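The values are calculated or read from the model by the stated rules, or taken from the named source; none is laboratory data. It should be emphasised that the depicted structure is a prediction, and the values quoted were computed from it without experimental measurement. In this analysis, Cβ positions are derived from the backbone assuming ideal geometry, glycine residues included, and neighbour counts consider all displayed protein chains.
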Amino acid sequence: MTSDSTDPQGTETNNSSPTSTENLPGTGTRTRVVEVSPEHLNRNRILASDEENPLSDQFNLLRTRIYQKTRPAGWNTIQITGFSAGEGKSLVAANLAVSMAKDTRQTTLLVDLDFRRPAVRKLFGLGRDFPGLESYFLDRMPLEEILINPGIEKLTLLPARGGILNPTEWMGSPRMEALIRELKDRYQDRYILFDTPSVNVCPDPLVICDYVDALLLVARADHTTTDDVKAALDLIPKAKVLGLVLNDARGDEPSGYYYRYRYGEKS
């Protein structure tokens, strides 16, 4: 699998059609639509939308397990993070968001809160022609002008551009807390996934985990160490951990993609 260590932010080539706007379910606003080509999604390993790919079923299973954990509790904000760099957490976040959006009962918002190495924009081929979440903080730009639908029904992206100074301070600012609360309250009928840096990399994800309902952790086979896991679990609220996704696990699928995403509850 191509993970963050070899292709940290996806291919940036703009494979999208001219933009338009439309009223998207659950937003109450007109959201910019940027049609992303299936070829670009496949090239960047966003495979959850391809029903013929066996990995689509893996993400559908992950989606179902998350629903089972979160719906009874009324949770809809989930932070997706890892233990160290290069584990593929952004790729997991993107595929999970697509899988959730395919559910006829569900709409999904994917928010890129990794201001240090933002990946959502490039994974979906948005280029740098569109504003990012930094504009919400620095220029007071309304969220409605930043939200993007990538041509996948019921999926909305809130991308980041990167380059913001002192990201940890912004993460802990009252405006960030207000943003997450606003998203949760405004979009109560949707899941909101936050892609953040890995726990052992910087303080940013430790700030965000106070604001969200739950965390999903991503590890990478033959990459994430036991020490990485122990160090992270000492820092995060364990009661919020939904489980662990093991990325890059070798398998024997005939598709030629010799990896799986596995979900397991923390003991």
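In the stretch 87-116, the residues that are without any contact (Cβ under 8 Å) to a residue 40 or more places away in the chain and within 21 Å of residue 135 (Cβ to Cβ) never reach a residue that is in a strand (DSSP E or B) and not polar (S, T, N, Q) with C-beta atoms less than 8 angstrom apart, at least six apart or across chains.
Conditions tested, residue by residue: (1) surrounded by 11 or more Cβ atoms within 10 Å (Cβ to Cβ); (2) closer than 17 Å to residue 78 by Cα; (3) modelled with pLDDT under 90.
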position: 227; (1), (2), (3): yes, no, no
position: 240; (1), (2), (3): yes, yes, no
position: 249; (1), (2), (3): yes, no, yes
position: 255; (1), (2), (3): yes, no, yes
position: 265; (1), (2), (3): no, yes, yes
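Looking only at residues in the stretch 92-141 that are aromatic (Phe, Trp, Tyr) and surrounded by fewer than 24 Cβ atoms within 10 Å (Cβ to Cβ), the one that is nearest to residue 166 (Cα to Cα) is 137. No other residue among 105, 116, 63 is under 28 Å from residue 202 (Cα atoms) and assigned to a loop (DSSP other than H, G, I, E, B) apart from 116. Within the stretch 48-66, the set of residues being among the hydrophobic types (A, V, I, L, M, F, W, C) and in contact (Cβ under 8 Å) with a residue 60 or more places away in the chain comprises 55, 59, 61, 62, 66. The residues of the stretch 81-91 that are crowded, with 24+ Cβ neighbours inside 10 Å, hydrophobic (A, V, I, L, M, F, W, C) and over 14 Å from residue 59 (Cα atoms) amount to a single one, 83. Within the stretch 162-180, the set of residues being part of a helix (DSSP H, G or I) and surrounded by 14 or more Cβ atoms within 10 Å (Cβ to Cβ) comprises 167, 168, 170, 171, 176, 177, 179, 180. Number of residues in the stretch 40-98 that are over 19 Å from residue 214 (Cβ atoms), among the basic types (Lys, Arg) and over 16 Å from the mean Cα position of the chain (by Cα) equals 1. When the stretch 56-74 is limited to residues that are in contact with a helix residue (DSSP H, G or I) (Cβ under 8 Å, 6 or more places away or on another chain) and surrounded by fewer than 21 Cβ atoms within 10 Å (Cβ to Cβ), the one that is nearest to residue 184 (Cα to Cα) turns out to be 60. Of the residues in the stretch 48-55, not one is at pLDDT 90 or above and either in a loop (DSSP other than H, G, I, E, B) or at negative phi (or both). Do you know which of the residues in the stretch 123-161 that are assigned to a loop (DSSP other than H, G, I, E, B) and hydrophobic (A, V, I, L, M, F, W, C) is farthest from residue 91 (Cα to Cα)? Ranking the candidates gives 141 first.
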